[in-house]
Amino acid sequence: MKLFLDSTGLGRKIATFRRKETVFAQGDPAKSVLYIQDGGVKLTVVSETGKEAVVAILGPGDFFGEGCLAGQPICIATATTIAPTTVLVIEKNEMIRVLHGEHEFSDRFIAHMLARNIRVEADLVDQLFNSTEKRLARTLLLLARYGAPGEPQKVLPKVSQEMLAEIIGTTRSRVNLFMNKFKKLGFIKYNGEIHINDSLLSVVLHD
């Protein structure tokens, strides 16, 4: 499985992108599943009225574009890199073949989809019931991959306050207010890059 996800072959290729490059755009034909080897991607959706929302931030080990497997003819979101990024592009037919033929790969992909579904539900609860401060802390921890397999990233890829505001559904000024508060309390270090301290967890766990 690792060899499959780390290499090129029939029906799959490796593509590299600079920061802020579009991997695919909302409305493009949905023909491939993508796997992030390195870097990060944000998924955004634009409404008919032109309002944009960030619906997911993904990192190494995450799949995206899987809607094509369920019959989606076009991409329903735009995928943009948030750092220099390397992805494995797997054609739909090759992905279906591997899912049917490789049980270990299939198990991993199903686990990914279940985790993504749980994350979407948690995001909805977070948006409905938690304060802006708690939503920001949770987003920073998720970007640092707390709770994901392996060690969390202590230093985040460059992410703007505007993007954080889009993710949690607030204004940039509110994000700036709480980022300064977190910095003053020692939860983060913030000087272009964001350094996350474990103590930030206390914001999320506190009632």
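The values are calculated or read from the model by the stated rules, or taken from the named source; none is laboratory data. From a predicted model like this one, the values you see are computed outputs, not experimental measurements. All Cβ positions, even for glycine, are placed from backbone atoms using ideal geometry, and neighbour counts span all protein chains on display. Side chains are part of the model used for accessible areas, which takes the heavy atoms of the whole protein and leaves out ligands, DNA and RNA. Shrake-Rupley method; radii C 1.70, N 1.55, O 1.52, S 1.80 Å.
Highest first, please rank the peptides 101-108, 164-171, 135-142 by the mean number of other Cβ atoms sitting within 10 Å of their residues. Mind dumping the intermediate values first?
Working: 101-108: 12.8, 164-171: 19.1, 135-142: 22.4.
The most tightly packed comes first, giving 135-142, 164-171, 101-108.
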Per-residue counts of other Cβ atoms within 10 Å, averaged by peptide: what ranking do you get for 16-23, 46-53, highest first?
16-23, 46-53
In vacuo Debye scattering of the chain, one point per C-alpha: log10 I(q)/I(0) at q = 0.08, 0.15, 0.16, 0.17 Å⁻¹?
-0.29, -1.00, -1.12, -1.24
Under 17 Å Cα to Cα from LYS92, which aspartates and glutamates show up? Leave out anything in the same chain fewer than 8 places away.
ASP28, ASP62, GLU66, GLU102
Taking a ≥ b ≥ c as the square roots of the eigenvalues of the Cα gyration tensor of segment 119-207, is the shape rounded (a/c under 1.5), prolate (a/b larger than b/c) or oblate?
rounded
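Got a number for carbon plus sulfur as a percent of the chain's accessible area, 1.4 Å probe? Could the numbers behind the result be given before it?
Details: 6490 of 11570 Å².
Looking at the chain in its full context, I get 56 percent from C and S.
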State the Cα centre-to-centre distance between segment 4-70 and segment 84-128 in whole Å.
12
With the crude spin-label approximation of a point 7 Å out along Cα→Cβ, what separation in nm comes out for ASN130 versus ASN191?
2.9
What distance in nm separates the two pseudo spin-label positions at HIS112 and LYS31, each 7 Å out from Cα along the beta-carbon direction?
2.0
Accessible area of segment 9-153 divided out per residue, in Å², using a probe of 1.4 angstrom
54
If I histogram all Cα-Cα distances within segment 1-110 using bins 5 Å wide from 0, what percent of pairs lands in each bin?
2, 12, 22, 25, 20, 12, 4, 2, 1
